[in-house]
Amino acid sequence: MEAREEALVNQLAAQDDELKSLYLEHLELKRRLEDFRHKAYLTAEEEVEEKRIQKLKLASKDRMMAIVWRHQHHA
């Protein structure tokens, strides 16, 4: 997520519980991916889990951006 997007999400999350929850989920998924990236080798199961987490992280970002868009166009 770009710094500008993240700043906007942080600002709006103070007013929107759903957005705040999604942002916290997104950060946790990002942290889990970082854990995988620090490993020298991934097992087959870890590779599958890494792909699953990447998809979840992308989906959470899409949902966050939809909420941000909704806030911007209803303001």
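The values are calculated or read from the model by the stated rules, or taken from the named source; none is laboratory data. These numbers come from a predicted model, not from an experiment. Cβ atoms come from the backbone with ideal geometry, glycine included; neighbour counts cover every protein chain shown.
Couple of notes before you dig in:
- Test result for M1, in contact (Cβ under 8 Å) with a residue 24 or more places away in the chain and either part of a helix (DSSP H, G or I) or in contact with a strand residue (DSSP E or B) (Cβ under 7 Å, 6 or more places away or on another chain) (or both): no
- Subset tally (residues that are free of Cβ contacts under 8 Å to residues at least 40 places away in the same chain and in a helix (DSSP H, G or I)) for the stretch 4-22: 9
- Any chance R31 is modelled with pLDDT of 95 or more and of a type in the set (K, R): yes
- Annotation: H74 fulfils all but one of (1) more than 14 Å from the chain's Cα centre (by Cα); (2) surrounded by 13 or more Cβ atoms within 10 Å (Cβ to Cβ); the unmet one is (2).
- Selected residue (criterion: farthest from H71 (Cα to Cα)) from residues of the stretch 11-28 that are surrounded by 12 or more Cβ atoms within 10 Å (Cβ to Cβ) and aliphatic (A, V, I, L, M): L27
- Test: E25 is over 30 Å from H74 (Cα atoms) and either out of contact with any His (no Cβ under 6 Å at 6 or more places or on another chain) or not in a helix (DSSP H, G or I) (or both): no
- Test for E50: is it over 13 Å from the mean Cα position of the chain (by Cα) and surrounded by 11 or more Cβ atoms within 10 Å (Cβ to Cβ): yes
- Candidate set from the stretch 29-46 (those that are outside any loop (DSSP other than H, G, I, E, B) and more than 19 Å from the chain's Cα centre (by Cα)); member that is surrounded by the most Cβ atoms within 10 Å (Cβ to Cβ): E46
- Contact annotation: residue pairs with Cβ atoms under 9 Å, 6 or more positions apart or on different chains, pairing a residue in the stretch 38-64 that is without any contact (Cβ under 8 Å) to a residue 12 or more places away in the chain with a partner that is surrounded by 14 or more Cβ atoms within 10 Å (Cβ to Cβ), are L42/F36; L42/E49; L42/E50; E46/F36; E47/F36.
- Failed condition for A59, given (1) surrounded by 14 or more Cβ atoms within 10 Å (Cβ to Cβ); (2) over 20 Å from H74 (Cα atoms); (3) over 9 Å from the mean Cα position of the chain (by Cα): (3)
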